[in-house]
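One structure is given here, and the rest of the page talks about it.
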Amino acid sequence: DEHAILDECERGEDAAKRAYEEALQQDLPADVRTMIGKQYREVKMNHDSVRDMRNAMA
């Protein structure tokens, strides 16, 4: 079922989002922090898109 697939996708995006959040808590060089911050924002946008698609099916 599509809803279950989107649930699993969101779960994966949650894990990625947490990993980036943990990385951003570390003492990182500015250029690395900038790169990770950019990637985090993209992961968060993907997470939110998957969540919105799932919620639209409810």
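Nothing in this text is a laboratory measurement; each read-out follows from the coordinates by a stated rule. Keep in mind that this is a model prediction, so the values were computed, not measured. Because the Cβ atoms are built from the backbone with ideal geometry, glycine has one as well, and the counts that use them run over all protein chains shown.
Quick notes
- Each Cα pair under 8 Å and six or more residues apart adds its sequence gap; the mean of these over the residue count of the chain is a relative contact order of 56 percent.
- Stretched out straight at 0.36 nm per residue, the stretch from Arg11 to Ala56 would grow longer than its current Cα-Cα span by 14.5 nm.
- The three principal axes of the Cα atoms in the chain give end-to-end lengths of 43, 14, 11 Å, sorted in falling order.
- Net charge over other residues, Cβ less than 12 angstrom from the Cβ of Tyr40 (K, R count +1; D, E count -1): +2
- The calculated 222 nm mean residue ellipticity attributable to helices in the chain amounts to -31000 deg cm²/dmol, summing -39500 (n - 2.57) over DSSP H runs of n ≥ 4 and dividing by all residues.
- Likely footprinting exposure, His3, His47, fewest C-beta neighbours within 10 Å first: His3, His47
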